[in-house]
Amino acid sequence: MKKIYLDYAATTPVDNKVLEKMLPYFSQNFGNAMSVHSFGQEALEAVDEARAKAALFFRASASEIIFTSGATESNNLVVKGSLRSYYSAPRRAGEKPHIITTKFEHHCVLDACKFAEKDGLADVTFVAPNKEGLISIKDIKAAIKPNTILISVMYVNNEIGTVQPIAEIGKLLKKINAERLEKKMPHITFHTDATQAINYFNCDVDELGVDLLSMSAHKIYGPKGIGLLYVRKGTLIKRVQDGGDQEFRLRAGTHNVPAIVGLGEAINMIKTPATQKNIIEITKLRDYLIKRVLKEIPKSYLNGSSEKRSPNNANFRFDDVEGEGLILSLDLDGIAASTGSACSSGALDPSHVLLSLGLKHEQAHGSLRLTLGKHTTKKELDIVIEKIKEVVKRLRKISGNVLADFQ
């Protein structure tokens, strides 16, 4: 049985060119990049080359690129490092900072903010998306307080693929921060988790107006366990991991040279003509998939905006179908899909993302996330669509809710 992979939002296979670039740094050029001898300097040169590639992609300076173990670490550094910076400066007794984020961020942002709130370190406002899965700029503006120090909004939602107005929020904050500067009020740092956006959307940090941006390599055909945090020069953030002086003293730990090299190569491949052509093909396949599923399966719905969504994301829900049963049934047929974030796959609770859209628990439980990649074909989608139709019909029959008129 040939397997079909439609879970590219969870992870992607390492591209052959990326792997080829990485291999020498496992055993041949194995030096520690912080060592002063030739082995170390050879490794440092590879790290610097990868940093330069990332800086070029984001239109940043090389010194603004901080390598981490991935977006989860980067996002924790954003929240906790911003708070550590705040509390390291003189302040009046009882003063507490304010953070703004959204209700459907990745758990690494949500939980970091919730723990900060629980520990009394910050007040947090969680802005809700509308039923289309989009954040309103007006809601962000309305949430700002005199003590707001950080706003974190995900660029592309990892579950439903909706695209947030990051550049527009950036423009708003540029104006607000200019006014706050005149009043000697704290600067509002703007962060976006761009993990699901890197492959498909403009990530020029100046055009986005962000001070901080995080990502993971394994979402862009690079290796797992490596990512980065873009930190605009002058941004108030302090390290939370102590040790050596790596990464401009912002992130201690021995450089994962092979993975860093892989990240650099993966990010360098994004703007090639072949990749850009592939994005067009993925978008066409996504639209084909959505159209057929909604037309041929009764009581099926698309979660999130049909227009402002990632080219590779199709997130459905089906009435009278339990999502976990659907996923397991598809897996038995060799089809890899998901109900939502891979980081939450062990939880039995319905998706916090879908609940934030106003869906009921039973609706959120009936979700299916199909995410396409550069190896996806129309033939595979045709097979998947027919299998989904079979499984949904069977599961509804078991639950006693048989719906006729399947096309």
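We did not get these values from a lab; they are worked out from the coordinates using the rules stated. A quick note: this is a predicted structure, and the numbers were derived from the prediction, not measured. Note: ideal-geometry Cβ built from the backbone for every residue, glycine included; neighbour counts use all protein chains shown.
Using the alpha-carbon centroid of each, what span in Å lies between segment 16-60 and segment 360-395?
40 Å
Select from the chain the helices, each a whole stretch of DSSP H, whose alpha-carbon atoms run 20 Å or more along the helix axis and whose Kyte-Doolittle mean is at least 0.0; answer none if there are none.
38-58
Using a 7 Å offset from the Cα along the Cα-to-Cβ direction at both GLU182 and ASP123, what is the distance between the two label points in nm, to one decimal?
Taking the two extended label points, one gets 2.5 nm.
Of LYS393, LYS295, LYS224, which has the largest mean-square fluctuation in a 10 Å C-alpha GNM of the chain?
Residue with maximal mean-square fluctuation among LYS393, LYS295, LYS224: LYS295.
If you place +1 on the Cβ of every Lys and Arg, -1 on the Cβ of every Asp and Glu, and leave all else neutral, what size is the dipole of the chain about its Cα centre, to the nearest 20 Debye?
So the magnitude is around 800 debye.
Select from segment 5-87 those trypsin sites (Lys or Arg not before Pro) which occupy a DSSP coil region and have at most 15 other Cβ atoms within 10 Å, ordered by residue number.
ARG59
Which value in nm describes the separation of the simple spin-label points at ASP319 and SER38, placed 7 Å from the Cα toward the beta carbon?
According to this spin-label approximation, the distance is 7.3 nm.
Among ILE166, VAL36, GLY244, pick out the residue whose Cα is farthest towards the positive end of the charge dipole of the chain, where Lys and Arg carry +1 and Asp and Glu carry -1 on C-beta, about the Cα centre.
Farthest towards the positive end: ILE166.
What full-extension length gain, to one decimal in nm, is calculated for THR254 and LYS224 as 0.36 nm per residue of separation minus the Cα-Cα distance?
Working it through step by step, the gained length comes to 9.2 nm.
Quick query: amide H of THR125 versus all other amide H atoms, modeled in the peptide plane; which residues come in under 5 Å with a sequence gap of 5 or more or a different chain?
For THR125, the qualifying residues are ILE99, ILE100, THR101.
Among all the lysines, which ones have a C-alpha under 25 Å from LYS138's C-alpha, if same-chain residues fewer than 8 places away are not counted?
LYS96, LYS103, LYS114, LYS171, LYS174, LYS175, LYS183, LYS184, LYS308
With a Förster radius of 30 Å, plug the Cβ-Cβ distance of HIS375 and PHE30 into 1/(1 + (r/R0)^6) and report the FRET value to the nearest 0.05. Intermediate results must be reported in sequence, preceding the final value.
Working: r = 31 Å, r/R0 = 1.04.
Computed FRET efficiency for HIS375 and PHE30: 0.45.
So how do 200-212, 139-151 stack up, highest first, on mean other-Cβ count within 10 Å?
Details: 200-212: 20.1, 139-151: 17.5.
Put in order of decreasing packing, that is 200-212, 139-151.
Using R₀ = 25 Å, calculate the FRET efficiency as 1/(1 + (r/R₀)^6) where r is the Cβ-Cβ separation of ASN130 and LYS360; round to 0.05.
Details: r = 17 Å, r/R0 = 0.67.
It comes to 0.90.
Segment 165-201 to segment 261-310: how many Å between their Cα centroids?
When both Cα centres are located, 27 Å separates them.
Taking the C-alpha atoms of segment 1-92, how large are the radius of gyration and the largest Cα-Cα span, Dmax, in Å?
Over segment 1-92's Cα set, Rg and Dmax evaluate to 18.5, 66 Å.
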